[in-house]
1. For the stretch 29-76: of the residues being out of contact with any Ser or Thr (no Cβ under 6 Å at 6 or more places or on another chain), in a loop (DSSP other than H, G, I, E, B) and of a type in the set (Gly, Ala, Ser), which is nearest to ILE149 (Cα to Cα)?
2. Would you point out the residue of the stretch 1-38, among those that are modelled with pLDDT under 50 and among the aliphatic types (A, V, I, L, M), that is nearest to the chain's Cα centre (by Cα)?
3. Let me confirm something: among THR78, THR83, THR130, THR120, which residue is hydroxyl-bearing (Ser, Thr, Tyr) and in contact with a Pro (Cβ under 9 Å, 6 or more places away or on another chain)?
4. Please pick out the residue among ALA59, ALA91 that is of a type in the set (Gly, Ala, Ser) and under 20 Å from ASP117 (Cα atoms).
5. Quickly run through the stretch 80-104 and pick out the residues that are free of Cβ contacts under 8 Å to residues at least 24 places away in the same chain, within 15 Å of the chain's Cα centre (by Cα) and either farther than 28 Å from ARG44 by Cβ or surrounded by 17 or more Cβ atoms within 10 Å (Cβ to Cβ) (or both).
Amino acid sequence: MTVHVWAMTDGAKHTGVRVAETAAGVVTYLVAGLPESLPPVPPRELERAWYAARAAAIAEQDGPARLFRFHMPGEIDTDLALTDTDARCWAEAVDASRGIDNLLGLSICLRLLALVDLMTRARWMAEWVTLLPDGAEINPLLLRAASTIALTRDARFDETSLRAQIGGAVIARNCRPSGASA
């Protein structure tokens, strides 16, 4: 596979993302910044992405392989390849519903993928996700935390930080005076 590295154009500087496609059909993204500098997203946007990805998975939709190169002058580039069938499906669903050719859309997509990744390897996540016959529902406190916590350099969530943020939200909710609203 040949990947072309290009300079940021004015348009790419505006959106922070430049998109191209290789001859093999791999969609490539050059991102101005590193994964940990992607912006927080509204929890409702992450929830919409969750449902769009779930619908795409049920419909057995596919998407292209994607290669992301995160570039920050003076830093080592971070490359992320989405070649897994499920990850490609979910990324395609977010791209089709929100677009991932901009920093906010890309942040939504990578947060969704990081959340799913953590669900597959962290047993404690089970108490924050309700399994249903047609998918899963995510607790709003988990969605809020996943929407705001920074991603790591490899575009994942730091498990300890995410768990601490959820715990802090639970404590704040339980310490609210009677009659106070959220």
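The values are calculated or read from the model by the stated rules, or taken from the named source; none is laboratory data. Small disclaimer: the values here were computed from a predicted structure and weren't measured. Cβ sites come from the backbone with ideal geometry, for glycine too, and all protein chains shown count toward neighbours.
1. GLY33
2. So, considering only residues that are modelled with pLDDT under 50 and among the aliphatic types (A, V, I, L, M), the one nearest to the chain's Cα centre (by Cα) is ALA12.
3. Being hydroxyl-bearing (Ser, Thr, Tyr) and in contact with a Pro (Cβ under 9 Å, 6 or more places away or on another chain) holds for just one of THR78, THR83, THR130, THR120, which is THR78.
4. ALA91
5. Of everything in the stretch 80-104, just one residue is free of Cβ contacts under 8 Å to residues at least 24 places away in the same chain, within 15 Å of the chain's Cα centre (by Cα) and either farther than 28 Å from ARG44 by Cβ or surrounded by 17 or more Cβ atoms within 10 Å (Cβ to Cβ) (or both), namely ALA81.
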